[in-house]
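One structure is given here, and the rest of the page talks about it.
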Amino acid sequence: MDGMIPGGRYETMVLPLIPFAIKGCLWYQGESNCMIRDRQYAEKYQVLVDSWREAFNVPGALFYSVLLAPHLYSNRMSKDRPPVTAEELPIFHQQQIKARSMIPNTDFVVVSDLVDKLRDIHPSYKWKVGERLARVALAKDYGLAEVVWSGPCADKAEVVADSIVVSFGHVADGLKTNNKGRLDWFEIAGKDGVFRPALADIRGRNKVVVYHPEIVQPVQVRFGWHETAMPNLVNSEGLPAIPFSRVSLSER
(Lines give C-alpha, C1' and ligand atoms only; values in the text may rest on other atoms or scores of the structure.)
Protein backbone atom coordinates (compact mmCIF):
# COMPACT_ATOMS: atom_id res chain seq x y z
CA MET A 1 0.00 0.00 0.00
CA ASP A 2 1.15 3.53 -0.76
CA GLY A 3 2.90 5.14 2.18
CA MET A 4 3.17 1.90 4.16
CA ILE A 5 6.44 0.37 5.32
CA PRO A 6 6.54 -3.31 4.28
CA GLY A 7 5.77 -5.39 7.36
CA GLY A 8 4.93 -2.30 9.39
CA ARG A 9 1.39 -3.29 10.30
CA TYR A 10 2.44 -6.84 11.11
CA GLU A 11 5.23 -5.52 13.34
CA THR A 12 2.94 -3.20 15.28
CA MET A 13 -0.42 -4.99 15.27
CA VAL A 14 0.25 -8.74 15.06
CA LEU A 15 3.72 -9.47 16.41
CA PRO A 16 2.92 -8.15 19.94
CA LEU A 17 0.08 -10.71 20.18
CA ILE A 18 2.17 -13.75 19.35
CA PRO A 19 2.91 -14.73 22.98
CA PHE A 20 -0.85 -15.19 23.50
CA ALA A 21 -2.82 -18.31 22.65
CA ILE A 22 -5.30 -18.10 19.80
CA LYS A 23 -7.80 -20.46 18.24
CA GLY A 24 -8.08 -18.65 14.94
CA CYS A 25 -8.49 -15.41 13.05
CA LEU A 26 -11.40 -13.49 11.49
CA TRP A 27 -10.05 -11.73 8.40
CA TYR A 28 -11.65 -8.83 6.51
CA GLN A 29 -9.71 -8.54 3.27
CA GLY A 30 -8.78 -5.06 2.07
CA GLU A 31 -10.06 -3.86 -1.30
CA SER A 32 -6.67 -2.92 -2.76
CA ASN A 33 -5.98 -6.43 -4.04
CA CYS A 34 -9.16 -6.28 -6.09
CA MET A 35 -8.33 -2.87 -7.52
CA ILE A 36 -4.86 -3.98 -8.63
CA ARG A 37 -6.41 -7.00 -10.42
CA ASP A 38 -4.54 -9.47 -8.23
CA ARG A 39 -4.57 -12.91 -9.90
CA GLN A 40 -2.30 -14.51 -7.29
CA TYR A 41 -4.37 -13.53 -4.27
CA ALA A 42 -5.19 -17.13 -3.27
CA GLU A 43 -1.50 -18.02 -3.14
CA LYS A 44 -0.66 -14.85 -1.19
CA TYR A 45 -3.42 -15.57 1.30
CA GLN A 46 -2.05 -19.08 1.76
CA VAL A 47 1.37 -17.62 2.60
CA LEU A 48 -0.25 -15.29 5.15
CA VAL A 49 -2.23 -18.10 6.79
CA ASP A 50 0.74 -20.47 6.88
CA SER A 51 3.07 -17.81 8.32
CA TRP A 52 0.62 -16.77 11.05
CA ARG A 53 -0.04 -20.38 12.00
CA GLU A 54 3.70 -20.92 12.30
CA ALA A 55 4.25 -17.69 14.25
CA PHE A 56 1.51 -18.49 16.78
CA ASN A 57 2.54 -22.16 16.83
CA VAL A 58 -1.02 -23.25 16.03
CA PRO A 59 -0.73 -25.38 12.86
CA GLY A 60 -4.49 -25.71 12.40
CA ALA A 61 -5.49 -22.17 13.38
CA LEU A 62 -8.86 -21.27 11.89
CA PHE A 63 -9.12 -18.48 9.32
CA TYR A 64 -12.55 -17.18 8.38
CA SER A 65 -12.80 -14.30 5.93
CA VAL A 66 -15.34 -12.09 4.14
CA LEU A 67 -15.99 -11.94 0.39
CA LEU A 68 -15.47 -8.33 -0.63
CA ALA A 69 -18.66 -6.28 -0.64
CA PRO A 70 -20.30 -4.66 -3.69
CA HIS A 71 -18.80 -1.27 -4.53
CA LEU A 72 -18.08 0.93 -7.56
CA TYR A 73 -14.50 -0.32 -7.86
CA SER A 74 -14.35 0.59 -11.55
CA ASN A 75 -14.84 4.26 -10.62
CA ARG A 76 -11.69 4.34 -8.49
CA MET A 77 -9.26 5.08 -11.30
CA SER A 78 -5.56 5.69 -10.73
CA LYS A 79 -2.64 6.33 -13.05
CA ASP A 80 -0.60 3.92 -10.93
CA ARG A 81 -2.70 0.82 -11.62
CA PRO A 82 -4.45 -0.79 -14.60
CA PRO A 83 -8.10 0.03 -15.35
CA VAL A 84 -10.66 -1.99 -13.41
CA THR A 85 -13.87 -3.24 -15.02
CA ALA A 86 -17.20 -4.00 -13.37
CA GLU A 87 -16.30 -7.71 -13.52
CA GLU A 88 -13.17 -7.37 -11.41
CA LEU A 89 -15.01 -7.89 -8.12
CA PRO A 90 -16.57 -11.26 -9.06
CA ILE A 91 -13.23 -12.33 -10.56
CA PHE A 92 -11.59 -11.49 -7.24
CA HIS A 93 -14.35 -13.38 -5.42
CA GLN A 94 -13.24 -16.48 -7.30
CA GLN A 95 -9.72 -15.98 -5.94
CA GLN A 96 -11.15 -15.81 -2.42
CA ILE A 97 -13.22 -18.94 -3.04
CA LYS A 98 -10.18 -20.70 -4.54
CA ALA A 99 -8.23 -19.95 -1.35
CA ARG A 100 -10.79 -21.87 0.69
CA SER A 101 -10.26 -24.96 -1.45
CA MET A 102 -6.47 -24.65 -1.12
CA ILE A 103 -6.11 -24.04 2.62
CA PRO A 104 -7.48 -26.36 5.34
CA ASN A 105 -9.56 -24.89 8.17
CA THR A 106 -10.59 -21.80 6.22
CA ASP A 107 -13.94 -20.50 5.05
CA PHE A 108 -15.75 -17.26 4.26
CA VAL A 109 -19.06 -15.41 4.56
CA VAL A 110 -21.00 -13.30 2.05
CA VAL A 111 -22.05 -9.71 2.80
CA SER A 112 -23.54 -8.66 -0.56
CA ASP A 113 -26.78 -7.64 1.18
CA LEU A 114 -25.19 -5.34 3.76
CA VAL A 115 -24.43 -2.35 1.52
CA ASP A 116 -26.49 0.84 1.76
CA LYS A 117 -24.53 2.97 -0.71
CA LEU A 118 -22.39 1.52 -3.48
CA ARG A 119 -20.05 4.50 -3.22
CA ASP A 120 -19.16 3.50 0.35
CA ILE A 121 -16.28 1.05 0.18
CA HIS A 122 -17.10 -0.54 3.56
CA PRO A 123 -20.50 -1.94 4.59
CA SER A 124 -22.18 0.04 7.35
CA TYR A 125 -23.48 -2.96 9.27
CA LYS A 126 -20.23 -4.11 10.85
CA TRP A 127 -22.02 -5.98 13.63
CA LYS A 128 -23.81 -8.13 11.05
CA VAL A 129 -20.50 -8.97 9.38
CA GLY A 130 -19.19 -10.04 12.79
CA GLU A 131 -22.31 -12.05 13.50
CA ARG A 132 -21.92 -14.02 10.27
CA LEU A 133 -18.30 -14.79 11.02
CA ALA A 134 -19.32 -15.86 14.53
CA ARG A 135 -21.89 -18.24 13.04
CA VAL A 136 -19.10 -20.04 11.16
CA ALA A 137 -17.02 -20.50 14.29
CA LEU A 138 -19.98 -21.56 16.43
CA ALA A 139 -21.14 -24.17 13.92
CA LYS A 140 -17.78 -25.54 12.84
CA ASP A 141 -15.62 -25.22 15.96
CA TYR A 142 -17.80 -24.90 19.06
CA GLY A 143 -20.16 -27.80 18.55
CA LEU A 144 -23.31 -25.85 17.67
CA ALA A 145 -24.20 -27.86 14.57
CA GLU A 146 -27.71 -26.38 14.47
CA VAL A 147 -26.34 -22.91 13.66
CA VAL A 148 -26.79 -22.07 9.97
CA TRP A 149 -23.54 -20.41 8.92
CA SER A 150 -23.47 -20.32 5.10
CA GLY A 151 -25.73 -18.91 2.44
CA PRO A 152 -26.82 -21.01 -0.55
CA CYS A 153 -23.94 -22.51 -2.52
CA ALA A 154 -24.39 -23.84 -6.07
CA ASP A 155 -23.57 -27.55 -6.13
CA LYS A 156 -24.40 -28.45 -9.71
CA ALA A 157 -26.29 -27.28 -12.79
CA GLU A 158 -28.27 -29.30 -15.29
CA VAL A 159 -29.52 -28.39 -18.75
CA VAL A 160 -33.21 -29.29 -18.95
CA ALA A 161 -34.74 -28.46 -22.35
CA ASP A 162 -34.27 -24.69 -22.81
CA SER A 163 -33.36 -23.92 -19.18
CA ILE A 164 -30.61 -24.58 -16.67
CA VAL A 165 -31.58 -25.98 -13.27
CA VAL A 166 -29.12 -25.03 -10.52
CA SER A 167 -29.10 -27.08 -7.31
CA PHE A 168 -27.94 -25.41 -4.10
CA GLY A 169 -26.58 -26.63 -0.81
CA HIS A 170 -26.74 -24.76 2.51
CA VAL A 171 -30.38 -23.80 1.98
CA ALA A 172 -31.47 -24.55 5.59
CA ASP A 173 -35.28 -24.89 5.32
CA GLY A 174 -35.33 -23.69 1.73
CA LEU A 175 -34.58 -20.91 -0.75
CA LYS A 176 -36.39 -17.58 -0.86
CA THR A 177 -35.83 -13.94 -1.78
CA ASN A 178 -35.09 -11.27 0.80
CA ASN A 179 -37.44 -8.74 -0.78
CA LYS A 180 -40.32 -10.93 -2.05
CA GLY A 181 -39.39 -9.94 -5.62
CA ARG A 182 -38.30 -11.94 -8.66
CA LEU A 183 -34.88 -13.55 -8.46
CA ASP A 184 -32.17 -11.32 -9.87
CA TRP A 185 -28.55 -11.35 -11.03
CA PHE A 186 -28.72 -14.70 -12.84
CA GLU A 187 -27.30 -14.77 -16.37
CA ILE A 188 -27.13 -17.51 -18.98
CA ALA A 189 -25.34 -17.90 -22.31
CA GLY A 190 -25.98 -19.97 -25.38
CA LYS A 191 -23.39 -21.46 -27.70
CA ASP A 192 -22.23 -17.97 -28.69
CA GLY A 193 -20.90 -17.48 -25.14
CA VAL A 194 -22.69 -14.14 -24.69
CA PHE A 195 -24.25 -13.83 -21.24
CA ARG A 196 -27.66 -12.22 -20.93
CA PRO A 197 -29.72 -11.30 -17.86
CA ALA A 198 -31.98 -14.29 -17.24
CA LEU A 199 -35.31 -15.05 -15.67
CA ALA A 200 -35.11 -17.36 -12.68
CA ASP A 201 -37.64 -19.17 -10.50
CA ILE A 202 -37.28 -21.11 -7.26
CA ARG A 203 -38.45 -24.71 -7.59
CA GLY A 204 -38.88 -26.86 -4.52
CA ARG A 205 -36.56 -26.50 -1.57
CA ASN A 206 -33.16 -26.13 -3.21
CA LYS A 207 -33.40 -25.53 -6.96
CA VAL A 208 -33.50 -22.50 -9.24
CA VAL A 209 -34.62 -22.73 -12.88
CA VAL A 210 -32.80 -20.19 -15.07
CA TYR A 211 -33.93 -19.34 -18.60
CA HIS A 212 -34.11 -16.68 -21.32
CA PRO A 213 -36.85 -16.50 -23.98
CA GLU A 214 -34.29 -16.00 -26.76
CA ILE A 215 -31.82 -18.72 -25.70
CA VAL A 216 -33.10 -22.16 -26.65
CA GLN A 217 -29.82 -24.03 -26.06
CA PRO A 218 -28.23 -22.63 -22.89
CA VAL A 219 -24.73 -23.86 -22.10
CA GLN A 220 -23.48 -21.59 -19.28
CA VAL A 221 -24.89 -19.96 -16.17
CA ARG A 222 -23.46 -17.47 -13.71
CA PHE A 223 -24.72 -15.51 -10.72
CA GLY A 224 -23.82 -12.20 -9.10
CA TRP A 225 -21.27 -11.40 -11.80
CA HIS A 226 -20.95 -7.61 -11.40
CA GLU A 227 -19.40 -5.21 -8.92
CA THR A 228 -22.83 -3.79 -8.01
CA ALA A 229 -24.59 -7.14 -7.64
CA MET A 230 -26.63 -7.38 -4.46
CA PRO A 231 -28.66 -10.52 -5.26
CA ASN A 232 -31.89 -11.22 -3.42
CA LEU A 233 -31.48 -15.03 -3.27
CA VAL A 234 -31.10 -16.18 0.35
CA ASN A 235 -31.77 -19.25 2.45
CA SER A 236 -34.43 -19.52 5.14
CA GLU A 237 -32.05 -17.86 7.63
CA GLY A 238 -31.65 -14.84 5.37
CA LEU A 239 -28.02 -15.55 4.45
CA PRO A 240 -27.19 -14.50 0.87
CA ALA A 241 -26.12 -16.89 -1.87
CA ILE A 242 -22.50 -17.23 -2.94
CA PRO A 243 -21.69 -15.79 -6.40
CA PHE A 244 -20.46 -18.22 -9.03
CA SER A 245 -19.35 -18.45 -12.63
CA ARG A 246 -18.51 -22.12 -13.01
CA VAL A 247 -20.54 -25.03 -11.76
CA SER A 248 -20.55 -28.64 -12.92
CA LEU A 249 -22.95 -28.68 -15.89
CA SER A 250 -24.73 -31.80 -17.11
CA GLU A 251 -27.57 -32.55 -19.53
CA ARG A 252 -30.80 -34.44 -19.02
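Quick notes on this structure:
- For the range 197-224, a tally of residues being over 22 Å from G151 (Cα atoms) and of a type in the set (A, V, I, L, M) returns 3.
Per-residue answers, yes or no, for (1) under 25 Å from E227 (Cα atoms); (2) modelled with pLDDT of 95 or more; (3) outside any helix (DSSP H, G or I):
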| site | (1), (2), (3) |
| --- | --- |
| Q46 | yes, yes, no |
| D80 | yes, no, yes |
| P83 | yes, no, yes |
| I91 | yes, yes, no |
| D107 | yes, yes, yes |
| I121 | yes, no, yes |
| V129 | yes, yes, no |
| A137 | no, yes, no |
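- In the range 190-203, the residues that are in the same structural domain as S245 (by TED's automatic domain parsing) form Cβ pairs under 9 Å with partners that are of a type in the set (D, E) and assigned to a strand (DSSP E or B), at six or more places apart or across chains, as follows: F195/E187; R196/E187; P197/E187; A198/E187.
- Verdict on D184 being out of contact with any Phe, Trp or Tyr (no Cβ under 9 Å at 6 or more places or on another chain) and more than 29 Å from A61 (Cα to Cα): yes
- The residue that is surrounded by the fewest Cβ atoms within 10 Å (Cβ to Cβ), counting only those in the range 71-105 that are hydrophobic (A, V, I, L, M, F, W, C) and closer than 17 Å to S245 by Cβ, is A86.
- Residues of the range 106-157 that turn out to be surrounded by fewer than 16 Cβ atoms within 10 Å (Cβ to Cβ), of a type in the set (D, E, K, R) and in contact (Cβ under 8 Å) with a residue 12 or more places away in the chain, as a count: 6
- Every residue from the range 46-65 that is among the small types (G, A, S) and either within 23 Å of the chain's Cα centre (by Cα) or closer than 22 Å to W149 by Cβ (or both): G60, A61, S65
- Residue-level analysis places R100 among those that are modelled with pLDDT of 95 or more and either over 13 Å from the mean Cα position of the chain (by Cα) or outside the structural domain of P240 (by TED's automatic domain parsing) (or both).
- Filter result (farther than 14 Å from D113 by Cβ and in contact with a Leu (Cβ under 9 Å, 6 or more places away or on another chain)) within the range 184-196: F186
The values are calculated or read from the model by the stated rules, or taken from the named source; none is laboratory data. On a predicted model such as this, the values are computed, not experimentally measured, just so you know. Positions of Cβ are backbone-derived with ideal geometry, glycine not excepted, and every protein chain shown enters the neighbour counts.
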